[in-house]
Amino acid sequence: MNKFASSSLRRLGLGFALVLALAVLGWLYEKTQAADVQQRAALEESFREIHQLDSDWNVDIMAAKVGLTESYDPIVAPLSRIQDVISRLHSDATLTRFGLASQLEALRGAFKSKAELVDEFKSRNSILRNSLRYLPTLAGEAKEGDTSLRRAGQPRAAQIDAVLQESLAYALITDDAQQSRLAQAAGELEGSLSDSPSESTDSRRTLLGHVRTVMTQVTAQSGLLDRILKVPTVQAIDAMSHATDARFSVLSAESEYWRKVLAGYAAVLLAAVTYTGFRLSQSYAQIGRMNRALRYANDGLERRVQERTRELGTALQSLRESEAQLIQSEKMSSLGQMVAGIAHEMNTPLAYVRSNIELVHDQLGEVSDLVRLAGAMLSALDAEDPQPDQLAQAYASLSALVASFSEYSIVEDLSRLTKDGVHGLDQIREIVVNLRNFSRLDRSRTTRFDVREGLDSALSIAKSELKRHSVEKRYGDVPKVFCSPSQLNQVFLNVIVNAAQALPESGGRIRVASSTEAEQVRVDISDDGCGIPPELVTKIFDPFFTTKEIGKGTGLGLSIAYKIIQEHGGRVAARSTVGKGTTFSIWLPINEGSSQ
Amino acid sequence: MLVRMLSQIVAIGFSVAAVNAPAAEPISPLPMSVQVDREKAAIGKMLFVDKRLSKDESLACVSCHQFDRGGSFPAQFPRGVGGRMHSFNSPSIFNAAFNFKHLWSGGAESVEAVVEQVVASPQVFASSWPDVLQRLSSDDRLVGSFRKAYPDGMNARTVKNALAEYTRSLVTPNARFDRYLKGEKSAITADELKGYELFKKYGCVSCHQGINVGGNMLQTFGVMGNYLQDRGGVRDADLGRYNVTRKESDRFVFKVPSLRNVALTAPYFHDGSAATLTQAVEVMFKYQLGRRASEQDVALIIKFLDTLTGEVPPAP
């Protein structure tokens, strides 16, 4: 006993040491994983994406500047996309861990100021482009519409052309020299305004207004584009990228260090394992001894196991028998429930067969009279010395009787009574046949059986229960199944009787259907009765569960039905809605070779 | 590093190739619908007509953004809580998803930010989040919907988000002009097409372009003349974006409004000073473009503007 305890203690200690060794191994491994390659790749991908969006943005701004695109949507969209990526970076804990939150804010700020400059660019660009577009038209109007122009002659037209030319040139070549040339041309045209009558200068004034617009907008815009391109967005991205690179290389160096430690530790562990192996081989002899002891103990154990197995086998056998008994007794119990009904079923035909036979018996008196009178007539005719009186009397009696026979149609009556009697007897025979079919004590499952026959037989046995209800049969063509017919009949009867009992006294409807469904025969038995509450539906197949009064049901019917169907390799399910009714569905496999 | 440079060069090559394709129209059609979170948008829809957002429960969003008026208000200025006059004309909320900023002065970067301002504004709901949330929290159904749609249930953030999500769903697709852009040449008449050509020729399109025919840039109101001085009585609200940035260059700068459904959204401008579309177009010619257009051309441009009216979403 003491030895046993100490060895289990040692085993515990060994297990603990092993767990500890593995934990250290895992911890060291974790340390080597500090530089997460995936994380690094994700961050770099984000930086690259911002970089890409930023350079696309620049291209689109230039395209808008030179008038390749007239819609500003392309230079509005990038900002929100860049902001999305920055928000994504913001929610990534890695950057915060690296202490790069402030750099991220700088990046956000850079894009914010870039966006503001782009907004200014859009406003200025629109104004500039409109004035540039309008200038040639305006110049034309100024030359044509100005009435004083004809007096002044060519010089004024040249002034207008010069202003137009210098304006367009300044929009293309924005430098100080061009600016001063434009300023000069504009100044000259303005000077011409003072020596013209005011009503003739309108178009020139408008022209000058637009020229000044071009001047201010071009000047402002050239600086603006410079500033847009110089917003340090790229630098901010690169700075972040470098900083994360640096952090990751530090982490990689750390990982490298821990990798070495891990290798060393692994070597030590290996040595320990080798040593243990050596010790193990040393103690092999001891183990051999222990083994023998164990084998001895084992033999004893095996014997005990065999005994137990035998006991269990016996128990199982008796359990199986009692289960078979239970099924049989439930069948008898449900039959017992049916007996009253069946007796009634048989009583009705019996009663009228009996009364018919009694009537026939009554009529037989008349028939024997007929036979007697006919005999008397024949003997009167056959006499050697016929007596006319006797003959006439016999004739009169016989013809009176024959007349009454035809008057009361006695022969037809007799024929009808016997025919009805035979019909009644047929009915009784049918019940008996069904009862016998039903209770056939076949335990093997070797019979091919048409479930529709079973359903019919169960319906006819349950006839007394179904009197007030209408039964609708919807039989689809189904192949025969290998089964134990009496057991299936028992199931059908049980479900049908349950269905009938769920229906109101005033009458209801039961529907019995058969169909083929994916290698299975399906039987549905539905009623439109009171239904089963959802919390009970799951229990109805439990043994001893019943909603009937004590003594009226065993609570075994459906559980046995369940068991029977299960043993047939099928399944049974109930679907119910309270107030609407219940449908029991039974699926039975169509075994190979069973189809016809 | 080399790879990054190369990829950039290739990308620029592609972008340039795309730009060199035949010049596209400056206006592009609206999509048939915008992807939003239906559950959240459904809550936003309820909130849109919920008067509990306003201090005295007299107003809801829909009071000033009427669906049969192109999502705007049919008077110069709407009135907020206590009949207090607002200083801006109601901008349309339709197609707001495609505006680059919101409000007349572009002072809200998102629809959520608009809701934030509107709830507190003394000219609108004159309320506060604690009050609004307290009034709403008595509504078990609403609170339940929030709990289903948002892990953190109902709070200022989620109320704003639900309203924004709903607003983003309000697009007016299938305008006749959009159908024309998609290739259905008979969707607009010859006059309307002529109006569109004039719209481009006169330069209206320099600002009113893109998917929303505006709504993607800022511009000074009065480029070629001081409209607000000529109108008289310059108010604080007329300073526009200056009120947001306090930058001198932003004085009188406003967001260029979208022209979608413009035929439905009279009166016009941030001050509602143009009662009709003709007046508005004339002001634009004089003060923004610095040129004159014949009456006939103005009429044709207005005919074109009519084709920008799309299918109005069902009222909440």
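The values are calculated or read from the model by the stated rules, or taken from the named source; none is laboratory data. Quick caveat, the model's predicted, so the values are computed rather than measured. Here Cβ is always computed from backbone atoms with ideal geometry, including for glycine, and neighbour counts include all displayed protein chains.
Annotations
- The residues in the range A:368-392 that are closer than 13 Å to A:Ile410 by Cα and loosely packed, with under 15 Cβ neighbours inside 10 Å can be counted, and the count is 1.
- Some residue of the range B:179-189 being within 14 Å of chain A (Cβ to nearest Cβ) and either among the aromatic types (Phe, Trp, Tyr) or over 29 Å from A:Lys65 (Cα atoms) (or both): no
- Take the conditions (1) modelled with pLDDT of 85 or more; (2) surrounded by 14 or more Cβ atoms within 10 Å (Cβ to Cβ); (3) under 17 Å from A:Gly570 (Cβ atoms); A:Glu517 misses just one of them, which is (2).
- Taken over the range B:240-277, residues that are of a type in the set (A, V, I, L, M, F, W, C) and free of Cβ contacts under 8 Å to residues at least 24 places away in the same chain amount to 2.
- Of all the residues in the range A:223-254, those that are of a type outside the set (A, V, I, L, M), surrounded by fewer than 17 Cβ atoms within 10 Å (Cβ to Cβ) and in a helix (DSSP H, G or I) number 11.
- Selection of the range A:62-85 for residues being under 19 Å from A:Ala42 (Cβ atoms) and within 14 Å of another protein chain (Cβ to nearest Cβ) yields A:Arg81, A:Ile82, A:Gln83, A:Asp84.
- Filtered by the rule that a residue be of a type outside the set (S, T, N, Q), surrounded by fewer than 23 Cβ atoms within 10 Å (Cβ to Cβ) and not in a loop (DSSP other than H, G, I, E, B), the range B:174-194 gives B:Arg176, B:Arg179, B:Tyr180, B:Leu181, B:Lys185, B:Ala187, B:Ala190, B:Asp191, B:Glu192, B:Leu193, B:Lys194.
- Failed criterion for B:Tyr202 (all others in (1) touching a helix residue (DSSP H, G or I) at 6+ places or on another chain (Cβ under 8 Å); (2) closer than 29 Å to B:Phe67 by Cα hold): (2)
- Extreme residue, nearest to A:Ser131 (Cα to Cα), among residues of the range A:43-61 that are more than 9 Å from chain B (Cβ to nearest Cβ), of a type outside the set (Phe, Trp, Tyr) and out of contact with any Ser or Thr (no Cβ under 6 Å at 6 or more places or on another chain): A:Ile61
- Candidate set from the range B:291-316 (those that are farther than 24 Å from B:Gly240 by Cβ and within 14 Å of another protein chain (Cβ to nearest Cβ)); member that is surrounded by the fewest Cβ atoms within 10 Å (Cβ to Cβ): B:Ser294
- Qualifying residue in the range A:190-197 (condition: touching a Ser or Thr at 6+ places or on another chain (Cβ under 6 Å) and free of Cβ contacts under 8 Å to residues at least 24 places away in the same chain): yes
- Residue match in the range B:122-138 (condition: in a loop (DSSP other than H, G, I, E, B), within 14 Å of chain A (Cβ to nearest Cβ) and either within 26 Å of B:Arg251 (Cβ to Cβ) or out of contact with any Phe, Trp or Tyr (no Cβ under 9 Å at 6 or more places or on another chain) (or both)): no
- Residues in the range B:190-245 that are more than 12 Å from every other protein chain (Cβ to nearest Cβ), of a type in the set (Phe, Trp, Tyr) and more than 14 Å from B:Phe304 (Cα to Cα): B:Tyr227, B:Tyr242.
- Residue-level analysis places B:Asn89 outside the set of residues that are crowded, with 22+ Cβ neighbours inside 10 Å and under 20 Å from B:Lys160 (Cβ atoms).
- Residue check for A:Glu105: surrounded by fewer than 15 Cβ atoms within 10 Å (Cβ to Cβ), more than 11 Å from chain B (Cβ to nearest Cβ), at pLDDT 85 or above and closer than 26 Å to B:Asn99 by Cα: yes
- The range A:170-214, residues that are among the aliphatic types (A, V, I, L, M) and either within 14 Å of chain B (Cβ to nearest Cβ) or over 18 Å from A:Ile127 (Cβ atoms) (or both): A:Ile173, A:Ala177, A:Ala183, A:Ala185, A:Leu189, A:Leu193, A:Leu207, A:Leu208, A:Val211, A:Val214
- Figure legend. Inter-residue proximity from the range B:25-52: first residues under 22 Å from B:Ala120 (Cβ atoms), second residues charged (D, E, K, R), beta-carbon distance below 6 Å, spacing 6+ or different chains. Indicated pairs: B:Gly44/B:Glu165; B:Lys51/B:Glu57; B:Arg52/B:Arg135.
- Residue within the range B:278-290 that is in a helix (DSSP H, G or I), within 13 Å of chain A (Cβ to nearest Cβ) and free of Cβ contacts under 8 Å to residues at least 60 places away in the same chain present: no
- Unmet criterion (only one of (1) of a type in the set (Val, Ile, Thr); (2) modelled with pLDDT under 85; (3) exposed (fewer than 15 other Cβ atoms within 10 Å of the Cβ)) for A:Thr94: (3)
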